[in-house]
Amino acid sequence: MSQAYPGVGRRTAERLYEEFGDGLLGVIDDHPERIKSLLPEHRARAVIDGRKAEREAAGAD
């Protein structure tokens, strides 16, 4: 995540994984408000936008 999502560093990725574990991608996809409640707005937006771009590139959307 920290290398694939622009604006998301290693510490942010680790914090998210510590909070949500293996269910992290599902939380980003299905409950982005949980990401927004944990991170500052600009970081949450980077995570959510990065995941959206990743899904679009994979043809998931």
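Readers should treat all values here as calculations from the given coordinates under stated rules, not as data from a laboratory. Since the model is a prediction, treat every value here as computed from it, not as a measurement. Note that we place each Cβ from the backbone using ideal geometry, even for glycine, and neighbour counts take in every protein chain shown.
Can you tally the net charge around residue 40? Count Lys and Arg as +1, Asp and Glu as -1, for every other residue whose Cβ sits under 15 Å from the Cβ of residue 40.
Numbers: positive: 11, 15, 34, 36, 43, 45; negative: 19, 33, 41, 49.
Here the charged neighbours net out to +2.
Given points 7 Å out from each Cα along the Cα-Cβ axis, report the residue 14 to residue 45 separation in nanometres with one decimal.
Those two pseudo-labels are separated by 2.6 nm.
Work out from phi, with θ = phi - 60° and the Karplus expression 6.51 cos²θ - 1.76 cosθ + 1.60, the ³J(HN,Hα) of each residue of the stretch 27-40, listed in order in whole Hz, and give x for Gly and Pro.
5, 4, 5, 9, 9, x, 5, 5, 5, 4, 7, 9, 10, x
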